[in-house]
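Each remark here refers to the structure printed beneath this line.
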DNA sequence: CTGAAAGCGCTTACAG
DNA sequence: CTGAAAGCGCTTACAG
């Protein structure tokens with residue numbers, strides 16, 4: 001394969017020689033909090049600068065058993081929610097002086113294929129977004145002292161932490177909102193069937209509808225994919241008893257559903273059809289869509305994720321922690337409005353039936 | 001900071017002991033092509049499996065001087081073009097058994113702040129997407145034997161390779177297309193002024209218009225940002241002499257421009273205003289937008305990028321290589337059609353005046 | 001094919 | 001505060 005030549009690169013020993021000090025002194029200069037006199041430090045810094053020295057993080061990792069690398073496994077980047085998450089994660093990890101090793105692919109199955117790779121790099125922690133891990137591997141991480149956090153998914157498994165929003169309550173609130181909007185027939189376009197987010201949103205929605213006396217729910221599956229959501233919308237909207245209101249399990253699919261409804265079936269939104277989504281992702285805010293949607297507080301979700309990781313890395317205690325944050329039902333133009341319950345917060349219209 | 005405890009983890013020596021062979025034998029078992037008898041290999045593999053051994057990539061990197069890590073510096077993930085690139089890069093690098101260390105942020109300035117970090121990890125190569133590097137740092141990479149590839153940008157600098165499409169020709173073709181479509185007044189909504197892509201697209205557009213006898217170009221700047229593109233569109237479209245056709249420097253901005261045109265100014269597209277974009281990114285294909293746009297062959301761009309990197313890593317020769325690929329003008333519904341020149345290829349309509 | 005040994009570039013007790 | 005030394009977990013000549 002690669003028979004390439006590598007340039008040597010300057011080492012701490014070379015710097016030590018140049019500065020007339022020991023190699024230990026050079027190391028201490030670059031170790032925050034290490035015991036070193038200002039004078040020695042200055043000499044070392046000067047030599048380091050002159051020679052263009054940079055500590056070798058690989059060598060440091062080897063001896064400290066800390067790579068300062070967090071593996072992020074993420075698929076499904078076509079859903080803008082995840083690029084946003086990634087960008088925020090990059091920022092948050094950089095602030096903690098950690099680095100982000102990215103593994104893409106593998107949305108619908110467990111992330112086992114990449115697992116071997118990431119373990120070889122002795123990552124200090126693992127973030128799984130829109131994907132999960134088999135239980136054996138989760139156990140292995142716990143045994144190896146490597147914290148794992150599921151982002152926007154959750155699990156019963158002992159060793160794995162998670163950060164989510166109140167998906168169930170979200171589904172329920174959407175049901176309340178649609179019922180208050182005067183709709184009497186309902187549809188659901190589902191995400192991946194084995195994902196906890198889809199399950200929770202669905203269950204909350206069903207529960208909310210039932211509490212209002214509605215059990216006539218029509219369901220099709222979009223598997224969180226644009227293409228499949230389009231197909232699901234075609235089927236659902238071609239029914240003679242087409243529902244008046246549809247909750248689409250995320251905004252990424254809701255955009256597709258709206259396009260199909262408007263341009264293939266000529267439906268006016270929201271006059272003839274109400275659409276509600278989930279996530280509050282970029283396109284939901286674009287005027288063409290204006291999707292009424294349950295928001296997920298992305299920044300706080302990322303903060304929590306990094307928090308959990310840093311805690312467990314510092315303590316060495318791997319025990320599952322589940323953080324559940326709250327979003328809001330952001331009201332825009334894709335669904336008919338209820339008579340009351342809409343309040344304004346920070347320039348956004350949100351649905352809060354209790355407060356109004 | 002972190003006083004955490006790390007579990008020991010099983011090493012090649014432990015496996016050697018367990019299998020009753022030397023540590024070298026264990027190492028050879030996990031080094032493709034190394035000299036090892038099938039019998040020894042089997043013993044080692046059995047022990048490794050039993051103990052849950054995985055070679056330590058960090059230790060390997062230290063001794064081979066190859067981290068098998070490629071740094072990717074990428075900002076501007078809100079433009080779906082880049083998440084798509086990232087996903088494809090992940091795949092392509094994984095196929096070569098390389099890993100992807102991601103640095104986000106820093107769209108509009110050079111990526112110097114992250115440079116130190118990435119050099120400390122002794123990455124084997126650097127990919128810069130939607131960002132660039134100062135010339136001193138480029139030189140430093142070359143001196144250290146680390147190849148650098150600019151993705152979707154180019155530069156005159158000696159040491160840095162690049163992968164782009166024919167932006168200039170793209171701008172020119174768009175001009176021809178709009179003139180052929182019968183427009184007589186033209187606008188340009190610019191990207192970042194210091195980016196080579198923006199400069200080349202602009203110059204090609206101006207040149208193409210001039211060749212057709214038009215010099216009355218109106219220009220506003222969107223800096224590749226959605227917000228600024230909206231503002232630019234408002235200004236341009238409120239002019240009494242509003243142009244009939246606008247080339248927006250990328251699709252990400254074109255979407256914003258279309259929303260402003262339709263919903264704030266009530267313009268019909270393409271009857272009253274033609275819009276052409278660049279990239280052929282996801283939303284360009286959504287029915288709500290249907291943007292006529294110059295495509296960029298993302299997969300081939302990624303392949304070329306990884307190609308250049310692998311070549312230079314293998315040879316140890318860092319010399320700038322510039323690959324320039326071709327896209328097509330994909331014709332959709334956001335711009336008025338010329339009488340002729342539109343052909344069908346692979347189910348897509350493209351503009352190729354020569355062939356028609 | 002195999003093992004003993006050197007060494008990659010660091011950190012960190014240890015002794016002074 | 002400082003230096004000599006051990007050692008992190010590997011790869012790879014070297015000699016057999």
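Just one of (1) over 26 Å from residue A:274 (Cβ atoms); (2) modelled with pLDDT of 95 or more fails for residue A:156. It is (2).
For the range B:69-78, a residue qualifies if it is closer than 18 Å to residue A:85 by Cβ and at pLDDT 95 or above, and exactly one does: B:72. Restricting the range A:11-24 to residues that are under 19 Å from residue B:120 (Cβ atoms) and near DNA strand D (Cβ under 8 Å from one of its atoms), the residue that is surrounded by the most Cβ atoms within 10 Å (Cβ to Cβ) is A:16. In the range B:82-93, the residues that are over 13 Å from residue B:130 (Cβ atoms) and facing another protein chain (nearest Cβ under 7 Å) form Cβ pairs under 9 Å with partners that are modelled with pLDDT of 95 or more and in a helix (DSSP H, G or I), at six or more places apart or across chains, as follows: B:91/B:302.
Only one of B:128, B:137, B:133 is more than 8 Å from every other protein chain (Cβ to nearest Cβ), in contact (Cβ under 8 Å) with a residue 12 or more places away in the chain and either within 16 Å of DNA strand C (Cβ to nearest atom) or over 19 Å from the mean Cα position of the chain (by Cα) (or both); which? Answer to the selection: B:137.
Checking each residue in the range B:62-81 for being over 15 Å from residue B:100 (Cβ atoms), facing another protein chain (nearest Cβ under 7 Å) and touching a helix residue (DSSP H, G or I) at 6+ places or on another chain (Cβ under 6 Å) picks out B:62, B:80. Residue B:44 satisfies every condition listed in (1) within 14 Å of another protein chain (Cβ to nearest Cβ); (2) touching a helix residue (DSSP H, G or I) at 6+ places or on another chain (Cβ under 8 Å) except (1). Selection of the range B:32-46 for residues being surrounded by 13 or more Cβ atoms within 10 Å (Cβ to Cβ) and within 13 Å of DNA strand D (Cβ to nearest atom) yields B:36, B:40, B:44.
A single entry from A:67, A:135 fulfils the requirement of being crowded, with 18+ Cβ neighbours inside 10 Å and within 22 Å of residue A:305 (Cα to Cα): A:67.
Among the residues of the range B:142-157, the ones that are within 25 Å of residue A:10 (Cα to Cα) and crowded, with 22+ Cβ neighbours inside 10 Å come to 4 in all. Checked against (1) in contact with a helix residue (DSSP H, G or I) (Cβ under 6 Å, 6 or more places away or on another chain); (2) surrounded by 20 or more Cβ atoms within 10 Å (Cβ to Cβ), residue A:312 meets all criteria but (1). Applying the selection to the range B:156-176, what residues are in contact with a helix residue (DSSP H, G or I) (Cβ under 7 Å, 6 or more places away or on another chain) and in a loop (DSSP other than H, G, I, E, B)? Matches in the range B:156-176: B:157, B:159, B:160.
The set of residues in the range A:35-58 being more than 10 Å from DNA strand C (Cβ to nearest atom) and in contact (Cβ under 8 Å) with a residue 40 or more places away in the chain consists of A:51, A:52.
Collect the residues in the range B:47-61 that are more than 9 Å from DNA strand D (Cβ to nearest atom) and at the interface with chain A (Cβ under 10 Å from one of its Cβ atoms), keeping them in residue-number order. I'd like the intermediate steps shown before the answer.
Within the range B:47-61, the subset more than 9 Å from DNA strand D (Cβ to nearest atom) is B:47-52.
The one that is more than 9 Å from DNA strand D (Cβ to nearest atom) and at the interface with chain A (Cβ under 10 Å from one of its Cβ atoms): B:52.
Considering the range B:25-106, the qualifying helices (runs of 4 or more DSSP H), each wholly inside and each with 2 or more residues that are under 30 Å from residue B:120 (Cα atoms) and in contact with a strand residue (DSSP E or B) (Cβ under 9 Å, 6 or more places away or on another chain), run over B:57-64, B:81-95.
Name the residue that is surrounded by the most Cβ atoms within 10 Å (Cβ to Cβ), counting only residues in the range A:298-309 that are closer than 24 Å to residue A:201 by Cα and in contact with a helix residue (DSSP H, G or I) (Cβ under 9 Å, 6 or more places away or on another chain).
Initially, the range A:298-309 is screened for residues closer than 24 Å to residue A:201 by Cα, giving A:298-305.
Those left that are additionally in contact with a helix residue (DSSP H, G or I) (Cβ under 9 Å, 6 or more places away or on another chain): A:298-299, A:301-303, A:305.
Working: A:298: 21, A:299: 12, A:301: 22, A:302: 23, A:303: 16, A:305: 28.
Once the filter is applied, the top-ranked residue is A:305.
The values are calculated or read from the model by the stated rules, or taken from the named source; none is laboratory data. Fair warning: this is a prediction, and the values are worked out from it, not measured in the lab. A quick note on method: Cβ atoms are made from the backbone with ideal geometry, for glycine too, and the neighbour counts reach across all protein chains shown.
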